[in-house]
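Here is the structure we will look at.
What follows draws every value from the coordinates through simple rules; no lab data is involved. Quantities reported herein were computed from a predicted structural model and do not represent experimental measurements. Please note: Cβ atoms are built from the backbone with ideal geometry, for glycine as well, and neighbour counts cover all protein chains shown.
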Amino acid sequence: MTAVATTPPVNGPQAPVPGADRGALLALLPVLADHRAMTARTFAAALIGQSSLTALAALTAHTVGTAVTTGAAPGPATTIALIALVLLRAFATWWEMDLSHDLAYRILATLRTRVFDGLARSAPARVAGRRSGDLAAAALGDVEALEFFYAHAVAQLAASAAVFGTGATLIGILDPWLLLPVVPAALLLVLTPLLDARGRAERGARTRAAHAELSAYTTETVDGLTELLAFGALERRRARLRTLGRLLGDAQRAEQTRDAATEAVRDLLVTACVIGTVAAAAHTVATGTLTAAWAPAALALALGILAPVADSAAALAQAGGLRAAAARVRDAARAPAGAPAPTGPRPLPDGPLGIRLRGVRFDYGGAPVLDGLHLTVRPGETVALAGVSGAGKSSCAHLLARFWDPALGAVELLPAHGAPVDLRDLADHELRRAIAVVGQETPLFHATLAENLRLAAPDAPEHRLRAIAERTGVHRIADALPDGYDTLLGERGATLSGGQRARIALARALLADPRVLVLDETTAHLDTEADAELARALAHGAADRATLVIAHRPATLRRADRVAVLAAGRITEQGTWSELTARPDGALTAVLTRATTT
């Protein structure tokens, strides 16, 4: 069952670290290189859309100005051009929206894969201690938040720059006076979000942190609902959820309020530019630089090239709030491997394998957990590893699974013939085929019983699956389920007991036919009879593999060929059960005595 803390933390979501997200959005631009053609088409569509709108506004203004000053109706060519520009603008708008969102969702799919790859590559070091809701926020919520950046900001900014540059050149040719109000307004529009970038990023980070905290706390609440109800702690939990909801609302309001103020500033700048441009246009007409018919067109052109700049400024402001999400996505995608892949993988010989931890020193960033550990399990041998809680037994399993690498020493596979092979020299797929590690709390997936069993051996034939299930007692679980092996087990196997999950986890490992099997307190949830049944299942084929059993139950230790006692980071004694228990002051006796008293 899921453990739930009933005393909530006092503080709200942690404040963002200043500068931690600097350059995060720029770091995510190179992903566009994988979609060069579509990025180019999106830019072209945005450029055509903005250019056609500006041209339409200028031509319409010129047509009206001509009609007013001369009294002449627009000719067929002008009418056709106006209709063509309207149709072109409509088509370009649809095309740009279609392309930009297609591009954005393709990139989000790529980023989502990179985030999951980063989490997998760095697990469990990166995942340990983090809440599942927080990981979900990074893997899903933060990636989804970047849709706006890729769908609207990138192509729009590039197209706006091109339109403004071309339009400003044309206006300068017509009359440089018209640039006097336009250029400063454009610069201020662009500078406004840039000057507020840090504040916007901090507000966005607070919103994302509050969202992640609420997501994580909600996930934990749902997972631990049974315990919360059983211990009467649900109301306290709900109060904390309400508090986190208010914190998220406050962060969102602060962000939206500042956005509204920034938008008001943009509107004031555009209004001031309109007034200035009208004055400049009047001056050009008064001095005779432009005719009255062309003045409205020049005015429309000036304002037409400013409109995309204003939209781009809004996009910049919106993108600035995504820096926190971008930083989390960037960091997750770039997470270093806890166990780096070898540059030149070695092939693993066929036949039985043993394992050896040779002079291993390992820690989790503090005092060493293992310090000079030497332990060998020969092919065909079953060794039980005993020790008090916290002695480092599970750390041995983690090293054998190569979740981490030792700081000193080596973890090796021992072929029956040939030189030892360091795990660091093996390709990951070779390692996973050779070694299976089954923990005490092995989660099951929201899939059928058969799919959970075939996790490591998807192509296992039906007769072999049934034989393993019969041997481990999983067939009785299947018989009790409504659809047998095709029954959905529920998320994390919530519909099953701990003992049933242990049976399925062991059957899953045996179905993969590993040459090394590591059991980390796998049978802790089982009663004595069930433990003995699984022991008989393990005995089948034990002569062809090395088995390391981490356990504290005397019956389990007694069945092993040899027992090794772990204390102070190293093996302090080893031998058969009879040899070790015959020593009244031995290390195993002390471990068993402590286990009994606690």
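The order of Leu85, Leu29, Leu453, going from fewest to most other C-beta atoms within 10 Å of their C-beta, is Leu29, Leu85, Leu453. For Val369, nonlocal amide neighbours, meaning residues 5 or more places apart or on other chains whose placed amide H falls under 5 Å from its own, are Phe362, Asp363, Tyr364. Efficiency by 1/(1 + (r/R0)^6): what FRET value for Thr291 and Thr78, r their Cβ-Cβ distance, R0 = 22 Å, to the nearest 0.05? Once rounded, the FRET efficiency stands at 0.85. Averaged over residues, the count of other Cβ atoms within 10 Å places the peptides 264-275, 431-442, 536-547 in the sequence 431-442, 536-547, 264-275, highest first. Against the set (1) 39; (2) 16; (3) 23, the structure's computed percent of Cα pairs over 46 Å apart falls on (1).
Listed by Cβ neighbour count within 10 Å, with the fewest neighbours leading, Phe231, Phe362, Phe116, Phe43 appear as Phe231, Phe116, Phe43, Phe362.
With R₀ fixed at 22 Å, the C-beta to C-beta distance from Asp117 to Ala158 puts the FRET efficiency at about 0.15.
Couplings 3J(HN,Hα) of segment 562-571, computed from phi: 8, 10, 10, 9, 9, 7, 6, x, 8, 7 Hz, in residue order, whole Hz [Karplus 6.51 cos²θ - 1.76 cosθ + 1.60, θ = phi - 60°; x for Gly and Pro].
Cβ-to-Cβ counts within 10 Å put Trp94, Trp577 in ascending order as Trp94, Trp577, the fewest first. DSSP beta bridges fully contained in segment 353-597 are about 55 percent antiparallel.
For the chain, a crude dipole built from +1 on the beta carbon of Lys and Arg and -1 on the beta carbon of Asp and Glu, taken about the Cα centre, is about 780 debye to the nearest 20. Applied to segment 291-303, the Karplus parametrisation 6.51 cos²θ - 1.76 cosθ + 1.60 on θ = phi - 60° returns per-residue 3J(HN,Hα) values of 6, 4, 6, 8, 4, x, 5, 5, 4, 5, 5, 4, 6 Hz, with x for Gly and Pro. Our helix-only sum for the chain, with -39,500 (n - 2.57) per DSSP H run of n ≥ 4 divided by its residues, gives a mean residue ellipticity at 222 nm of -19000 deg cm²/dmol.
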